[in-house]
Amino acid sequence: MLISLIVPCYNEEEAMPLFYQEAARVAAQMEKSHGAEFEIIFVDDGSKDGTLRVARELHDADPRVRYVSFSRNFGKEAGIYAGLKAAKGDYVATLDADLQDPPALLPDMLDALLTGDYDCAATRRTTREGEPPVRSWFARLFYRIINKMSDTEIVDGARDFRLMSRRMVDAVLEMSEYNRFSKGIFSWVGFKTKWFAYQNVERVAGQTKWNFWSLFKYSIEGIVGFSTQPLVMAALAGVIFCLAAFVGIIFVVARALIFGDPTAGWPSMVCIMLLCSGVQLFCLGIVGEYLAKTYLEVKHRPIYIARETEQDRDERRQAKQK
Ligand code: UDP
Ligand code: MG
């Protein structure tokens, strides 16, 4: 039984050795308890620091460590996809490099899968301690909105930390869409999921790669990727404004017929025009967002471009020895 650990890394040179230590510890423990073998796949997402160097060193020291290095930063979602593609394991886990996803949970997660009742063991944090309150508030708002709009259930506080069976990994790999929103994809493919709750852990080293703006864009990505409800709302807004205009016309005509035609009312007219054109642009923006996503999707661009993998390194070394 082989277990693959997929670790997307963007500028994580400080955290990676710590992650490796902890993962190796858990691996040794699980080798005894479950007879499991491990491979660790670091996906270097176009890092600007020594992430690739650390990955090479770890691979040289321990052949269980593999790596894929991207030609530039493609984002965490692309990293997860690349890792899933490279993974050879019967069970595959995705974890962050900063140890916010504790590998120590893996034995319990594997136990759940080994019962045969589940194809996925997923994790959820119960607290958002150590996070700015404003961010938590917006995060909760996002989960409320997306779950209202989308048929795909997106669990509040769900991490990307999961252990999946080969069956589920293959299903996820079949979703080769360009705009990837993992939380949605994992939920969309279905399969029985067992949830594990744990307290939020702070990152061991380095810094978070997300700011408010990138999280905002990510949330829009999620909504557009897993719901077409905003389009319905845009259409609905159009209908409501048409009705309002219709009522308004009848009122104005009737008033003109009964009381004559007073020329007052410019300010209200300007306000109404501004409001209506604002709503129009907003709805056009929603449509544009879907069009943009469709545009990117039909181009069929690769999700990531690998520059180097551990195989390249091994081959080069063998060539040198000859
Ligand atoms: N990450 C990545 N590419 C990116 C941004 C982040 O591979 O463009 C990785 C990062 O190295 C880490 C994981 O995604 O392993 C989660 O990132 P981070 O810890 O910054 O997010 P947070 O835990 O603060 O939500
Ligand atoms: Mg983190």
Here the alpha-carbon Rg of region 27-129 over 2.2 N^0.38 Å rounds to 1.16
What does the helix-only formula give at 222 nm for the chain: each DSSP H stretch with n ≥ 4 adding -39500 (n - 2.57), the total divided by the residues, and the result rounded to the nearest 500 deg cm²/dmol?
-> -18000 deg cm²/dmol
Once whole DSSP H runs in the chain are found, which of them have Cα atoms spread over 18 Å or more along the helix axis and a mean Kyte-Doolittle score of at least -0.5?
-> 15-34, 133-149, 212-226, 229-259, 266-298
Positive minus negative residues near Tyr304 (Lys, Arg vs Asp, Glu; Cβ under 14 Å) = +1
From the cross-link list Lys32/Lys183; Lys148/Lys217; Lys148/Lys183; Lys194/Lys217, the entries with a Cα-Cα span beyond 22 Å are Lys32/Lys183; Lys194/Lys217
Could you point to the residue in Gln21, Ile185, Ala245 farthest towards the positive end of the chain's charge dipole, with +1 and -1 charges on the Cβ of Lys/Arg and Asp/Glu respectively?
-> Ala245
Could you order Lys192, Lys320 by accessible surface area, starting with the largest, using a probe radius of 1.4 Å?
-> Lys320, Lys192
Once Lys and Arg get +1 and Asp and Glu get -1 on their Cβ, which of Val279, Pro132, Phe161 lies farthest toward the positive end of the dipole of the chain?
-> Val279
Run through all the Cα pairs of region 268-322 and give the fraction in each 5 Å bin from 0, expressed as whole percent.
-> 4, 14, 10, 10, 8, 8, 8, 7, 7, 6, 5, 4, 4, 3, 2, 1, 0
Quick one: dipole size for region 259-322, taken about the Cα centre, charges +1 on Lys/Arg Cβ and -1 on Asp/Glu Cβ, in debye to the nearest 20.
-> 640
Once you've got the GNM for the chain with C-alpha springs shorter than 10 Å, pick whichever of Met149, Met233, Met109 has the biggest mean-square fluctuation.
-> Met233
The correct pair for region 91-141, radius of gyration to one decimal and Dmax as a whole number, both in Å and from Cα atoms, is 14.2, 41
What is the chain's relative contact order, in percent, from Cα pairs under 8 angstrom and six or more apart in sequence?
-> 21
FRET E, pair Met269, Ala292, Förster distance 30 Å, beta-carbon r, rounded to 0.05 = 0.30
Treating the beta-carbon of each Lys and Arg as +1 and of each Asp and Glu as -1, no other charges, what is the dipole magnitude of the chain about its Cα centre, to the nearest 20 debye?
-> 560
Percentage relative contact order, region 11-101, counting C-alpha pairs under 8 Å, at least six apart = 35
Can you give the Rg and Dmax of region 158-313 based on its C-alpha atoms, in angstrom?
-> 25.2, 88
Using a Gaussian network model of the chain with C-alpha springs under 10 Å, which one of Glu12, Glu174, Glu77 is most mobile by mean-square fluctuation?
-> Glu174
Which whole-number percent of Cα pairs in region 108-185 have a distance greater than 15 Å?
-> 66
Two-site FRET efficiency, Trp137 against Lys209, from Cβ-Cβ distance with R₀ of 25 Å, rounded to 0.05 = 0.75
Could you please report the charge total around Leu141, scoring K, R as +1 and D, E as -1 over all other residues with beta-carbon less than 12 angstrom from its beta-carbon?
-> +3
Rg/Rh for region 96-230, where both radii come from Cα atoms and Rh is the Kirkwood radius = 0.95
His300 paired with Glu202, simple spin-label distance in nm, labels 7 Å along Cα-to-beta-carbon = 4.9
In the neighbourhood of Ile223 defined by beta carbon distances under 12 Å, the net charge of the other residues (Lys, Arg +1; Asp, Glu -1) is +3
Label-point gap, in nm, between Glu177 and Met1 - each point 7 angstrom along Cα→Cβ | 3.3
Equivalent ellipsoid dimensions for the chain as semi-axes, Å, which come from the Cα gyration tensor, largest first = 50, 21, 18
About the Cα centre, charge dipole magnitude for region 1-56 (Lys/Arg +1, Asp/Glu -1 at Cβ), debye | 140
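The values are calculated or read from the model by the stated rules, or taken from the named source; none is laboratory data. Bear in mind that the values here come from a model prediction, so they are computed numbers and not experimental data. In this analysis, Cβ positions are derived from the backbone assuming ideal geometry, glycine residues included, and neighbour counts consider all displayed protein chains. For accessibility, only protein heavy atoms count, side chains too; no ligands or nucleic acids. Shrake-Rupley method; radii C 1.70, N 1.55, O 1.52, S 1.80 Å.
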